[in-house]
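Take a look at the structure set out below.
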Amino acid sequence: MSEQRAIEALEATGLDFTLTRHGRVSSLAEAAEARGVQPRDLIKTLVVRRADDDFLFVLVPGDREISWPKLRSLLGVSRMSMPDKDVAKQATGYERGTITPFGSTTAWPVVADASLAGEPDRMISLGAGAHGVAVTVNAEAAIAALEAQVADVTELQ
């Protein structure tokens, strides 16, 4: 079960987290309300393909979207893409909508948007490997546990 893999990976990091099961939701606002966070604190984990069999995770706050020029510049590549749902599942072991870096079948690099850093008490919510299941964790602690590269790679929607 994908949820169990994500939870075990989180437990292995020693991070304090709260697990929330809320079932499927139909919007960012609904998901944020169900998880008890603001939309900006609901983090989308996006899988980005740099090249064949070369992916990374990008952590994007709910009120933001990837800035492709910024991300390409950071990574020093001219092209990248979002894989389709089947390729994303093959690369991570998770279905789209449930993806998290925690417990991914491959430990791809993680880029966390700079807007996630700098607030020591900020709590964020990430998917936890199954639809309607999430974890709430301290943003700074999650970034450290994932050894994420922090960079300005998004823009407000």
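The values are calculated or read from the model by the stated rules, or taken from the named source; none is laboratory data. On a predicted model such as this, the values are computed, not experimentally measured, just so you know. All Cβ positions, glycine included, derive from the backbone under ideal geometry; neighbour counts span all protein chains shown. Areas reflect the complete protein model, heavy atoms only, side chains present, ligands, DNA and RNA absent. Shrake-Rupley method; radii C 1.70, N 1.55, O 1.52, S 1.80 Å.
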Checklist entry - Residue by residue through the stretch 65-76, which ³J(HN,Hα) values in whole Hz follow from phi under the Karplus form 6.51 cos²θ - 1.76 cosθ + 1.60 (θ = phi - 60°), with glycine and proline marked x? => result 9, 4, 9, 4, x, 5, 5, 4, 5, 4, 8, x
Next on the checklist: Nearest 5 percent is fine: what portion of the DSSP beta bridges confined to the chain is antiparallel?
Outcome noted: 75 percent
Next on the checklist: Please list, ordered by chain and number, the residues whose modelled amide H lies under 5 Å from the amide H of Gly93; skip anything fewer than 5 residues away on the same chain.
Outcome noted: Thr105
Checklist outcome for this item: Per the helix-only model, the chain has a calculated mean residue ellipticity at 222 nm (DSSP H runs of ≥4, -39500 (n - 2.57) each, divided over all residues, rounded to the nearest 500) of -7500 deg cm²/dmol
Next on the checklist: Along the Cα→Cβ direction, 7 angstrom out, place labels at Gln149 and Trp68. What is the inter-label distance in nm?
Outcome noted: 1.9 nm
Next on the checklist: Given a 10 angstrom Cα cut-off, can you work out which residue in Pro39, Pro120, Pro101 is the most mobile in a GNM of the chain?
Outcome noted: Pro120
Item to check | Inter-centroid distance (Cα atoms) of the stretch 95-157 relative to the stretch 1-72, Å | outcome: 5 Å
Item to check | Whole-Hz ³J(HN,Hα) from phi, Karplus 6.51 cos²θ - 1.76 cosθ + 1.60, for the stretch 96-110, glycine and proline x | outcome: 4, x, 10, 5, 8, x, 6, x, 4, 5, 10, 7, 5, x, 10
Checklist entry - When only C-alpha pairs under 8 Å and at least 6 residues apart count, what is the relative contact order of the chain, in percent? => result 32 percent
Item to check | For the chain: Kirkwood Rh in Å [reciprocal of mean 1/r, alpha carbons] | outcome: 15.4 Å
Item to check | Placed amide H near Lys44: partners under 5 Å, 5+ positions off or other chain | outcome: Val60, Gly62
Item to check | Net dipole in debye of the stretch 1-145 [+1 Lys, Arg Cβ; -1 Asp, Glu Cβ; about Cα centre; nearest 20] | outcome: 400 debye
Checklist outcome for this item: Of the candidates Pro83, Thr136, Thr45, the farthest towards the positive dipole end of the stretch 38-157 (Lys/Arg Cβ +1, Asp/Glu Cβ -1, centred on the Cα centre) is Pro83
Checklist entry - If amide H atoms are built 1.01 Å from N in the plane of the peptide, which residues on other chains or at least 5 residues away come under 5 Å of the amide H of Val150? => result Ala112
Checklist entry - Could you give the length gained on full extension between Ala117 and Met82, defined as 0.36 nm per residue of separation minus the Cα-Cα distance, in nm? => result 10.2 nm
Checklist outcome for this item: Carbon and sulfur atoms account, in whole percent of the 1.4 Å probe accessible area of the chain, for 47 percent
Checklist entry - Got a sec to turn the phi values of the stretch 144-157 into Karplus ³J(HN,Hα) couplings, 6.51 cos²θ - 1.76 cosθ + 1.60 with θ = phi - 60°, whole Hz, x for Gly and Pro? => result 5, 4, 7, 6, 6, 7, 9, 7, 6, 10, 10, 9, 4, 6
